[in-house]
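The values are calculated or read from the model by the stated rules, or taken from the named source; none is laboratory data. The model shown is predicted, which means the values in this text are computed figures rather than measured ones. Note that we place each Cβ from the backbone using ideal geometry, even for glycine, and neighbour counts take in every protein chain shown.
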C-alpha cells in the first residue's frame, strides 16, 4: 500500500480542516498521482494563495510557497518562468482564483505556462466564515447572502477553456478514484492544466443550505456529479443543477517557457 | 538598440541606466506592467534579458508583476520589477510579503505626481513616505534614490546588493526627471563592480531551518530546487517557516524584521556633503532636486552666502545622525522637495526641532529651480 507519509509533513498535523471537509481527499488524490508519476520532491514546488485549500502546501513535503490572496498564479509564474525545470503545482480555491485572483487566472491560462492548477471549488469562502463566492449557486445562502444569492455563478472550467487552457478537467471528491486519473493527466500535460475539484464545505456552506452533515454533502455530490458519457444522453431538464466531470478540454498549444527558450537560443549573444 | 560596451562613455536615459545597472548586478528576471514614466526600464530589459539567457515577462497587472518577481527570486534568480506611483500603490501588499518572507528583490518606482493617476509624465517625489510605510505592518525597509543616469546605474547595482545582503525588498525611488533625462554614463569595468550574492545555507537539508534565529538576524533561504524543502508564507511563522500562533515566536519575528535593518544602518545609510563645514544654512535635497540644490549652493557661495548641502542617496533608513550633525552646525535648514514636506518632517524630527526647518515644496509638475532655493536661503538668512 502506498505510504502517504513519504510526501507528508507529519509534524504539521493535525490539519486545520473541519471534519467533513473534502480538502484532505483532494490532497490524498494528489499524493497518489505524484507517487504514480514518481515526481522528484526536490524539483517540485507547490504554490497557493489564501483560504482553506491554500493551506494544503503546509502539509506536503516539497518546496512550498503560501502567498497572498489570489496571487498564487502570479508567484507561480515567476517560479516557473525563472526555472522551467521545476514542476509547479498551484493549489487555490473558488474565491482565491476567480474573485480576487480572477485576472491572474485567465492570463495564466492564456499564456499557457506549464503549471498544474488544482482548484478546490466548495462554492463558499470557508475560512472567513461562509461568505458567498463567485461560484455560490444562485439562490444558495451564505453569510453575506442571507436571503439567497442573487448572482449567477461562474463556470470555472468553462472560463479556463475560453481563456486558452491546454487541459481542463472537472472532478469531485465523491469520485476520488476518477479524481486520481484527472490529476495524473493534468500533471503530465505540458501547458496550463486545470483540475476543478468540486468539494464539500459542510461547515460554512452545508449548514446554511440544508446539508448540515458531511454525509449529506457527499450524497449531494454523488447525485449531482455526472460523467461526460452520461451527460451526453441527458436532456436539458435532467442536466439542471448537475455538473459534468471528466476531461473537458485537452489540446496541444505551444508552451510559454519552451517558446521563450527558443527565442533565447535564437538571439542569445553572450555565448 | 546598440550594445553598451564596458568602459564606454554612453549617452543614455536614466531608465536605460537602470536596466543596464540591473543586468550588471546580475538581474536575470524582470516582470513588469506598462506605466509612465517607468516603461522604458521594461522595454530595455525585454531586449537585454533574452540576449543573456535571462527572463523577461510582461504580466497582466502590477500586482502580478510584483508576485512574479518574488516567485522568481525564490528560485535564486536576482529579480526586479519597475513601476510608478499608482502601480507602486498596487504592489504594496506583495512588497510587504517580500519583507515578511525575506525574499530579496528590487522594486523601482519612477515617481510621477499624485495623488491618484496624477501627472503621468511630470516629475514629483510624493512617494517617499509610501516607500517607507506603504505596506501594512511593522518592518524595516531600504529605499535608495538617484539624481542622474550615472547614479541610477550605480544605485541599481547597490539596490541588488543590499537586497541580497539583508534578504529584503529594496526600493529604488527615481523621479520622472532622472528617469527621462538622457545624459552621459560611464560604464565601469565589470571587474571593478562589487556584486553581493545571498548567503547559502551551510547545514544539511535535514538540519536546515530557513528562518533560524541567528545573531546577524539574516535568514539563509535556499533557492527552490536545491534539495532544501521548506515552506514560505506571509503568515507569522517560526524558524521552520511554518505558520505559528505562538506569541513568543511572533514577537521574535516581527521585532527582527525591523531590527535586521536598524542594526545595519551604518552600513546601509550613505550621503554626500557639499560645503557643509562652514555653512550657515544647510540644504537637504535628494533625487533630481539635489541637482538644483548643487547649483544653488554654488550660486549662494558666489553671492557670499554660506550655504551647504546634505544629499542622501539612501532615504530609508533615514540619515538621522547626519541631519542632527548638520543641525548642530547651521542656523537653519532648507528642504526643497517635489512634495509638500514629506522629508522635511523627518528632517525636523532628526534635528530635534533645535533649529528652524524651512520647506520648499513644489507640486505643480515642474522642477524646483536653483533660483527658488537661493531665494529661500536668502530669505532665511
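Okay, here's what the table says:
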quantity: Matching residues in the stretch A:139-148 - criterion: being in a loop (DSSP other than H, G, I, E, B) and within 19 Å of residue A:96 (Cα to Cα); calculated: A:143, A:144
quantity: Hits in the stretch A:71-94 - residues which are touching a strand residue (DSSP E or B) at 6+ places or on another chain (Cβ under 8 Å), more than 16 Å from residue B:98 (Cβ to Cβ) and more than 7 Å from every other protein chain (Cβ to nearest Cβ); calculated: A:73, A:80, A:87, A:88, A:89, A:90, A:91, A:92, A:93, A:94
quantity: Residue in the stretch A:128-139 that is at pLDDT 95 or above and within 25 Å of residue A:31 (Cα to Cα) present; calculated: no
quantity: Of the criteria (1) part of a loop (DSSP other than H, G, I, E, B); (2) more than 17 Å from the chain's Cα centre (by Cα), which one residue B:63 fails; calculated: (1)
quantity: Residue check, residue B:170 in a strand (DSSP E or B), surrounded by 19 or more Cβ atoms within 10 Å (Cβ to Cβ), within 14 Å of another protein chain (Cβ to nearest Cβ) and touching a helix residue (DSSP H, G or I) at 6+ places or on another chain (Cβ under 9 Å); calculated: no
quantity: Of the criteria (1) free of Cβ contacts under 8 Å to residues at least 60 places away in the same chain; (2) within 23 Å of residue B:143 (Cα to Cα), which one residue B:368 fails; calculated: (1)
quantity: Verdict on residue A:64 being at the interface with chain B (Cβ under 8 Å from one of its Cβ atoms), touching a helix residue (DSSP H, G or I) at 6+ places or on another chain (Cβ under 9 Å) and assigned to a strand (DSSP E or B); calculated: yes
quantity: Search result, residues across the stretch B:42-64 that are in contact (Cβ under 8 Å) with a residue 24 or more places away in the chain and within 8 Å of another protein chain (Cβ to nearest Cβ); calculated: B:52, B:53, B:55, B:57, B:59, B:60, B:61, B:63, B:64
quantity: Residue in the stretch A:78-93 that is buried (at least 24 other Cβ atoms within 10 Å of the Cβ), more than 15 Å from the chain's Cα centre (by Cα) and closer than 19 Å to residue B:233 by Cβ present; calculated: yes
quantity: Residues satisfying the stated conditions in the stretch B:83-128, i.e. in a loop (DSSP other than H, G, I, E, B), within 14 Å of chain A (Cβ to nearest Cβ) and on the phi < 0 side of the Ramachandran plot; calculated: B:103, B:104
quantity: Out of B:360, B:299, sole residue that is touching a residue at least 24 places away in the same chain (Cβ under 8 Å), closer than 25 Å to residue B:124 by Cα and either in contact with a strand residue (DSSP E or B) (Cβ under 8 Å, 6 or more places away or on another chain) or assigned to a strand (DSSP E or B) (or both); calculated: B:360
quantity: Selection count where residues are touching a residue at least 40 places away in the same chain (Cβ under 8 Å) and either buried (at least 21 other Cβ atoms within 10 Å of the Cβ) or in contact with a strand residue (DSSP E or B) (Cβ under 9 Å, 6 or more places away or on another chain) (or both), scope the stretch B:302-315; calculated: 7
quantity: Unique residue being within 22 Å of residue B:65 (Cβ to Cβ), surrounded by fewer than 24 Cβ atoms within 10 Å (Cβ to Cβ) and more than 14 Å from the chain's Cα centre (by Cα) when the list is A:141, A:110; calculated: A:110
quantity: Top-ranked residue in the stretch B:319-344 [being part of a loop (DSSP other than H, G, I, E, B) and in contact (Cβ under 8 Å) with a residue 60 or more places away in the chain; ranked as nearest to residue B:290 (Cα to Cα)]; calculated: B:338
quantity: Criterion violated by residue A:237 - all others in (1) more than 14 Å from chain B (Cβ to nearest Cβ); (2) touching a strand residue (DSSP E or B) at 6+ places or on another chain (Cβ under 9 Å) satisfied; calculated: (2)
quantity: Condition check for residue B:347: surrounded by fewer than 23 Cβ atoms within 10 Å (Cβ to Cβ), touching a residue at least 60 places away in the same chain (Cβ under 8 Å) and either in contact with a strand residue (DSSP E or B) (Cβ under 7 Å, 6 or more places away or on another chain) or assigned by TED's automatic domain parsing to the domain that holds residue B:288 (or both); calculated: no
quantity: Sole exception among (1) within 14 Å of chain A (Cβ to nearest Cβ); (2) touching a helix residue (DSSP H, G or I) at 6+ places or on another chain (Cβ under 7 Å) for residue B:276, by number; calculated: (1)
quantity: Among (1) assigned to a loop (DSSP other than H, G, I, E, B); (2) more than 21 Å from residue A:93 (Cβ to Cβ); (3) over 18 Å from the mean Cα position of the chain (by Cα), the one test that residue A:230 misses; calculated: (1)
quantity: Qualifying residues in the stretch B:71-82 (those that are at the interface with chain A (Cβ under 9 Å from one of its Cβ atoms) and either touching a residue at least 40 places away in the same chain (Cβ under 8 Å) or outside any helix (DSSP H, G or I) (or both)) - the one surrounded by the fewest Cβ atoms within 10 Å (Cβ to Cβ); calculated: B:76
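Yes or no, residue by residue, for (1) touching a helix residue (DSSP H, G or I) at 6+ places or on another chain (Cβ under 6 Å); (2) over 27 Å from residue B:168 (Cα atoms); (3) modelled with pLDDT of 95 or more:
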residue	(1), (2), (3)
B:296	yes, yes, yes
B:301	no, yes, yes
B:309	yes, yes, yes
B:318	yes, no, yes
B:332	yes, yes, yes
B:340	no, yes, yes
B:350	yes, no, yes
B:370	yes, yes, yes
B:376	no, yes, yes
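Residue-by-condition table, conditions (1) in contact with a strand residue (DSSP E or B) (Cβ under 8 Å, 6 or more places away or on another chain); (2) without any contact (Cβ under 8 Å) to a residue 12 or more places away in the chain; (3) in a loop (DSSP other than H, G, I, E, B); (4) surrounded by fewer than 17 Cβ atoms within 10 Å (Cβ to Cβ):
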{"position": "B:195", "(1), (2), (3), (4)": "no, no, yes, yes"}
{"position": "B:198", "(1), (2), (3), (4)": "no, no, yes, no"}
{"position": "B:205", "(1), (2), (3), (4)": "no, no, yes, yes"}
{"position": "B:208", "(1), (2), (3), (4)": "no, no, yes, no"}
{"position": "B:215", "(1), (2), (3), (4)": "no, yes, yes, yes"}
{"position": "B:219", "(1), (2), (3), (4)": "no, no, yes, no"}
{"position": "B:223", "(1), (2), (3), (4)": "no, no, yes, no"}
{"position": "B:227", "(1), (2), (3), (4)": "no, no, yes, yes"}
{"position": "B:232", "(1), (2), (3), (4)": "yes, no, no, no"}
